[in-house]
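Report on the following structure.
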């Protein structure tokens, strides 16, 4: 009795005795011999058994996963593999070459070959050995060609394709490297062309820095000015009695005479006193009386204050009242020693109130520092005022001493570092406080917030005819 082994995929075919080989005779192996079975042989007896039918397909009554790609189960016999060897090799080479090209074009993208997985499962290895015994106990062995030979040939062809693809990749990478080298050379040439410009700019920068250092050496060094502490005397708070006195004067009858200054013959009535209220514009009488009080303060305590002279608000108007805008003769007798009791030329500073129609400013003849200064709480400038005062001071020196003084060497300064008003009615208060602080020898260490206090303090000092 003959023994037979077969692959699991061909078991159904072997059990069917009516199975006939579909391969043509020319596709069979030359060394295969088909024996003629006898009536008593095992092959003949197999025909007596009934044919095996495939079970009926039954629908599965349960959730099923839908497949996107249905895999076809095609049984390929060994004969077909042998007969279509060249066609199969051609398809495999074509598929491998297309896969390599796609990998070159789309780098970095993972490509999943669905067909390769399908075909790998469709292939099977048939290394069956059939043994049959005939009547004469002649044994015939038929050995199919091993799939390993086919696999070896496929691997060899794939290796050749990989070598070709590798050469293409190497050529592509080499081309990219050459392009990078050319780009590097272009960048290097651009840098070389610009290096001359950069060197020239660096040279100019170094030269200008050396020039600046040289000019800085020529400039006079600024002296370190120590910050002065804010004095307490100009900001002493008023007592309750003084506050009541000021309020009573503000509420008095406007025709009532509040104070009279005998030396200057200035009379302050209730109406004129109202200008010291908040938002009031200071008038000539209040300003002139306060400047007289500042002069008396200096004479009372000369060791604490600078030697100064304070012109009244009518002096500058009289000085520029001439036909040519200047008239020294009209003010020549204003500064005689008999009238003043001292020489004007002995003063360190001479203060001149300037009335610019609706705005008060202050001009200073600073004999101590040889300056003509102009102080405007709105930071305005008027060179005409300083020119007329310079001419007046030269004429005054010539008239009183007979000497000529060159005032052209004196500095004309428009003071900028000074407190500035932030409204349209405190200019008069700013002006008298400029004179107050300068006569003390102090910096102008006040601001707009102090104006309300300065108004009440000035009112108190006028009522008591004593500046403090």
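Nothing in this text is a laboratory measurement; each read-out follows from the coordinates by a stated rule. Computed from a predicted structure; not experimentally measured. Positions of Cβ are generated from backbone atoms using ideal geometry, with glycine treated the same way; all protein chains shown enter the neighbour counts.
So here's what we get for this one:
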{"read-out": "At R0 = 41 Å, FRET efficiency that the Cβ-Cβ distance of residue 207 and residue 420 yields, to 0.05", "value": "0.45"}
{"read-out": "Debye-sum result for region 243-464 in log10 I(q)/I(0), which assumes one identical scatterer on each alpha carbon, at q = 0.08, 0.10 Å⁻¹", "value": "-0.29, -0.46"}
{"read-out": "Highest average packing first - 384-391, 301-308, 200-207, Cβ atoms within 10 Å", "value": "384-391, 301-308, 200-207"}
{"read-out": "Rel. contact order, % - alpha carbon contacts under 8 angstrom, at least six apart, region 243-464", "value": "20 percent"}
